[in-house]
Number of protein chains: 2
Amino acid sequence: MKIIEGGVVAAKGFYASGVHCGIRKNKTKKDLALIYSEKKASTASVYTTNKVKGAPLTVTKENISDGYAQAVICNSGNANTCNADGIEVAKSTCDALASVLKINSNDVVVASTGVIGQPLDITPIVNAIPALVDSLSKDEKASKDAAEGIMTTDTRLKEIAVSFEVGGVECKIGGIAKGSGMIHPNMATMLVFITTDAKIAPEMLQKALSSDIKNTFNMVSVDGDTSTNDMVTVMANGMADNAIIDSEGEDFDAFMKALNTVTVYLCRRIAADGEGATKLLECEVSGAKDEQNAKIIAKSIICSSLVKAAMFGSDANWGRILCAIGYSGADVDVNRVDVFFKSSKGEILVCENGAGVDFSEEIAKEILLEDEITIVVKLGDGNACATSWGCDLTYDYVKINGDYRT
Amino acid sequence: MKIIEGGVVAAKGFYASGVHCGIRKNKTKKDLALIYSEKKASTASVYTTNKVKGAPLTVTKENISDGYAQAVICNSGNANTCNADGIEVAKSTCDALASVLKINSNDVVVASTGVIGQPLDITPIVNAIPALVDSLSKDEKASKDAAEGIMTTDTRLKEIAVSFEVGGVECKIGGIAKGSGMIHPNMATMLVFITTDAKIAPEMLQKALSSDIKNTFNMVSVDGDTSTNDMVTVMANGMADNAIIDSEGEDFDAFMKALNTVTVYLCRRIAADGEGATKLLECEVSGAKDEQNAKIIAKSIICSSLVKAAMFGSDANWGRILCAIGYSGADVDVNRVDVFFKSSKGEILVCENGAGVDFSEEIAKEILLEDEITIVVKLGDGNACATSWGCDLTYDYVKINGDYRT
């Protein structure tokens, strides 16, 4: 496997574009993105578990119920959620795009992110679609344009692509993501679009994605709030021409591994660019009784406001980690817990068998001043492990989310 | 029922004191508190559900297993948690106090709050006990001294007392509390001590307390972190000489009502004085299918970092409230949710049947600029209701919890 350039246009037959259509007032910020596949692609998707769901999710779910799609259109600046005409607007967007692309309206994945509870005016979108389609390209910049089009308060563009082999045939997979941002008056939202030219049956693609997110996107937390518009979609157009992956086995495993490389990278980028974040936090739990308990503990630690605030202050405050394990609800013997802090500057043991050990505060501080911190938790209960990703809690998180809407 | 002065010494036969013993470096801050009853008192307690528990909780649980106690000793500045010698230190504290008070060591309730994972030196406590006992008093100031002795980063002293009648006999009940504070390197911690001269059997006292906290202390959240040292203890010495409450009925109900007045007041004070808080948030949920669903929703809203940050900014961001309802896991029809913001400045409807309504941002802002905000959520699912308490998320929360330990 090899990291390559190109993001969502790295794979054969995929094109992308991004423009400013006018939903956002800032004319320098793209607010509409398009991804298009020459051929209809196997398509799989996972959605937020929030009962309040954006209208685009409902329309997308219906459109890809046959397992196929050919294009993704996504706007930022308005989530099209909690609006009476939401479904109608989402459907009309698909229709407008389909007529210009000359594809079936049912083959469009539609997504929105931004303010909720404010009607989405479809006019700027419809007006921009011809230019959006005209600018479709396989240039590296095209993926970046699309990635920018879906960003909200993200400070950094998130894209990746890798090449890998399926039965000796080279395939490519790439993705773009927007992470936790909030706009007038929005909430943390995650959108991920992944494209691949691997040939894989829709049901195996859905199986791969549904299995993968349990250990990736479902293990990311910025502030514990689950958005109404979260969506992860994968399109596989088969143009690499490998023998079709239609069952489990070596080829499926190779695909899963490549998918996982893309998703883990994007998870880490989403966490590191959480609202106001100055640090990526990674929590590695091992020695758990079973995977479920490992995950409960990893998530409890990464979600603790007190742990997150301590990491912002580069404070080796292991008591808060033990505390978060204690209230997690996991089946765990707290008297057998070891805790380490780790970064590129080294690793330090701070708690052994549930009690503090003598450690150098200076070395701990040096380790914790880095941008990427790993909290290593070793339990003495078994062999299961889990990893979660998050970020520190900072003044800027409060500033971004507490400022008056103006 | 009538609000009266005196806090924990309002009830007959109760005395209190507070001193600086030296656990804390700041000599102007009391760090040791004592409450004493002339007569052995029926005693009930509830404890944190965190699996990591402070040693004092274990010792207290054992001491009051017979349903009785006569004194409470509590230090601040060190939580005596995650220490190898924790149980020994807690027991020795009881012994030292008992020998000076000439009571049984098994009749002492012991509590600690502060830094965890650092050995608690018992010497300053033992040395201070004679002075602590000498200064026991029924003066109003005595309750305040004790209240100050248990404070950590609390900015305001929390005490209340009320008089009420049980079968025509006047009884008194009062309490002190410490709320969410953190010290080098501690976590949010809640301690509440309540005294009453009502005559009530230990099992009925425990029943009253266990039932009450479900709707009071269990509905308070400052940052979602559950401390290792939370404890609520009630002592009832019977000196009001009412007919003993040993079963349910009118007298038990009168007691429950008085207890609830004390606990709700302390809940609101703890929430309002949450770390860094500038506002008390109250969330009233009604129209739920059942109480369980009402509580899940009320807690989900009060715990949402995004809602808390919006309230800090006096931003009528109702989308975040709907979002928190949606991911709460409650059985709820999100299309029938109405949301209002309320304060002493008035009330405003911002969301009806799950969708936004036109409302005046100016009036909403005026309402939300107040110190005490109520988020009113009306569901259309049934008749159950619940109330939760919390506070806004502010720069100071991050500052208090993110600063380097020094």
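The values are calculated or read from the model by the stated rules, or taken from the named source; none is laboratory data. Source: prediction; values computed, not measured. All Cβ positions, even for glycine, are placed from backbone atoms using ideal geometry, and neighbour counts span all protein chains on display. Heavy atoms of the whole protein, side chains included, go into the accessibility calculation; ligands, DNA and RNA do not. Shrake-Rupley method; radii C 1.70, N 1.55, O 1.52, S 1.80 Å.
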- [ ] Give me the Kirkwood hydrodynamic radius of the stretch A:34-98, using the inverse of the mean 1/r over all pairs of distinct Cα atoms, in Å to one decimal.
- [x] 12.6
Open item on the list: If I model a spin label as a point 7 Å beyond the Cα along the Cα-Cβ vector, how far apart are those points for B:SER210 and B:VAL126 in nm?
Closed with: 3.7
Open item on the list: Taking the square root of 5 times each eigenvalue of the Cα gyration tensor, what semi-axes in Å does the equivalent ellipsoid of the stretch B:34-150 have, largest first?
Closed with: 21, 17, 14
Open item on the list: If every alpha-carbon in the stretch B:75-211 counts as one equal scatterer, what log10 I(q)/I(0) does Debye give at q = 0.09, 0.11, 0.17 1/Å?
Closed with: -0.32, -0.49, -1.13
Task: Accessible area buried between chains B and A, both sides summed, probe 1.4 Å, in Å² to nearest 100 - done: 4400
Open item on the list: 7 Å along Cα→Cβ for the label point: how many nanometres lie between B:LEU369 and each equivalent label in the other copies, listed shortest first?
Closed with: 4.3
Task: Normalised per residue, the volume of the convex hull around the Cα set of the protein assembly as shown (Å³) - done: 151
Task: Cβ-Cβ FRET estimate between A:ASN260 and A:LYS2, R0 fixed at 22 Å, reported to 0.05 - done: 0.90
Task: Full-stretch length increase - B:ASP290, B:SER65 - with 0.36 nm per residue and alpha-carbon distance subtracted - done: 77.6 nm
- [ ] Give, rounded to the nearest 20 debye, the magnitude of the charge dipole that the protein assembly as shown has about its Cα centre when Lys and Arg contribute +1 at Cβ and Asp and Glu contribute -1 at Cβ.
- [x] 800
- [ ] Treat each spin label as a single point 7 Å out from the Cα along the C-beta direction, and report the A:VAL169 to B:ALA84 distance in nm.
- [x] 6.4
Task: Diffusion constant of the stretch B:237-286 at 20 °C, which comes from Stokes-Einstein with the Kirkwood Cα-pair radius and 1.002 mPa s, µm²/s - done: 158
TODO: Taking all protein chains together and a probe of 1.4 Å, list A:ILE302, A:ILE4 from the most accessible to the least accessible.
DONE: A:ILE4, A:ILE302
Open item on the list: Averaging the inverse of every distinct alpha carbon separation and then flipping it gives the Kirkwood radius. What is it for chain A, in angstrom units?
Closed with: 21.8
Open item on the list: Taking loop as defined by DSSP and a crowding limit of 14 other beta carbons within 10 Å, which trypsin sites (Lys or Arg not before Pro) in the stretch B:1-104 fit?
Closed with: B:LYS25, B:LYS27, B:LYS102
TODO: Whenever you get a sec, compute what percent of the accessible area on the protein assembly as shown sits on carbon and sulfur atoms (1.4 Å probe).
DONE: 48
- [ ] Consider just the alpha-carbon atoms of the stretch B:325-406 and return their Rg together with their Dmax, both in angstrom.
- [x] 16.3, 52
Task: Accessible-area value, B:ASP66, 1.4 Å probe, nucleic acids and ligands omitted, Å² - done: 80
Open item on the list: Over the Cα atoms of the stretch A:189-331, each weighted equally, I'd like the Debye log10 I(q)/I(0) at q = 0.18, 0.19, 0.22 Å⁻¹, rounded to two decimals.
Closed with: -1.06, -1.13, -1.33
- [ ] Could you tell me which helices of chain B pass both thresholds, a Cα extent of 20 Å or more along their own axis and a mean Kyte-Doolittle hydropathy of at least -0.5, with helices taken as whole DSSP H runs?
- [x] B:86-101, B:250-272
- [ ] Add +1 for every Lys or Arg and -1 for every Asp or Glu among the other residues with Cβ under 12 Å from the Cβ of A:VAL9, and state the total.
- [x] -2
- [ ] Take the rotation relating chain B to chain A, measure from its axis to every Cβ in chain B, and name the nearest residue with the distance in whole Å.
- [x] B:TYR395, 2
Task: Stokes-Einstein D in µm²/s, Kirkwood radius over Cα pairs - the stretch A:1-62 at 4 °C with 1.567 mPa s viscosity - done: 88
TODO: Could you work out the Kirkwood radius for the stretch B:305-366, taking every pair of different alpha carbons, averaging 1/r and inverting it, reported in Å?
DONE: 12.2
Task: A:LYS27 versus B:ASP139: modelled label distance in nm, points set 7 Å from Cα along the beta carbon direction - done: 7.4
Task: B:THR226 - accessible surface, heavy atoms, 1.4 Å probe, Å² rounded to 10 - done: 40
Open item on the list: Need the list of lysines near B:LYS365 for cross-linking: C-alpha distance under 19 angstrom, and skip anything on the same chain fewer than eight residues off.
Closed with: A:LYS399, B:LYS279, B:LYS308, B:LYS342, B:LYS345
